[in-house]
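Below: one structure, written as structure tokens.
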Amino acid sequence: MTEVTVTLPDDLVQQARQAGLLRPEALAALLRDAMRERRIERLFATMDKLSELEPSLSEEEIAAEIDAARAERRARKSQ
């Protein structure tokens, strides 16, 4: 296990201590929650960026590709 030293304002330390948040297990839970929240925020930011992209194929072209793949699969099964 690694030991970490952090400098915080006295009033914050007092409040956190009273709330039981300075125990190692409480700090670990807080850090895990914060890291999960950041991952979720990055995921949504990425999803927003992806939703702004223009598709490289039109809906008709996608449908044609699906139809061609299905026809190819049927042809292989019938051989």
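Karplus-derived 3J(HN,Hα) values for region 64-72, using 6.51 cos²θ - 1.76 cosθ + 1.60 with θ = phi - 60°, are 5, 5, 5, 4, 5, 5, 5, 5, 5 Hz; glycine and proline are entered as x.
Restricting attention to region 2-79, which GluC sites (Glu not before Pro) occupy a DSSP loop and are surrounded by at most 12 other Cβ atoms within 10 Å? Present the calculation step by step, with values, prior to reporting the outcome.
On the way: sites: E3, E25, E37, E41, E52, E59, E60, E61, E65, E72; in loops: E3.
Of the GluC sites (Glu not before Pro), the ones in loops of region 2-79 whose Cβ has at most 12 other Cβ atoms within 10 Å are E3.
Mean-square fluctuations from a GNM of the chain, with a 10 angstrom spring cutoff on Cα atoms, peak among A34, A45, A19 at A19.
Give me the dipole magnitude in Debye, nearest 20, for region 10-78 about the Cα centre, with unit charges on the beta carbon: positive for Lys and Arg, negative for Asp and Glu. Numbers along the way, then the final one.
Working: 13 positive and 15 negative charges, 131 e Å.
Dipole about the Cα centre, nearest 20: 620 debye.
Laboratory data are not the source of any read-out in this text; all were calculated from the coordinates shown. Computed from a prediction, not measured in an experiment: that's the story for all the values here. A quick note on method: Cβ atoms are made from the backbone with ideal geometry, for glycine too, and the neighbour counts reach across all protein chains shown.
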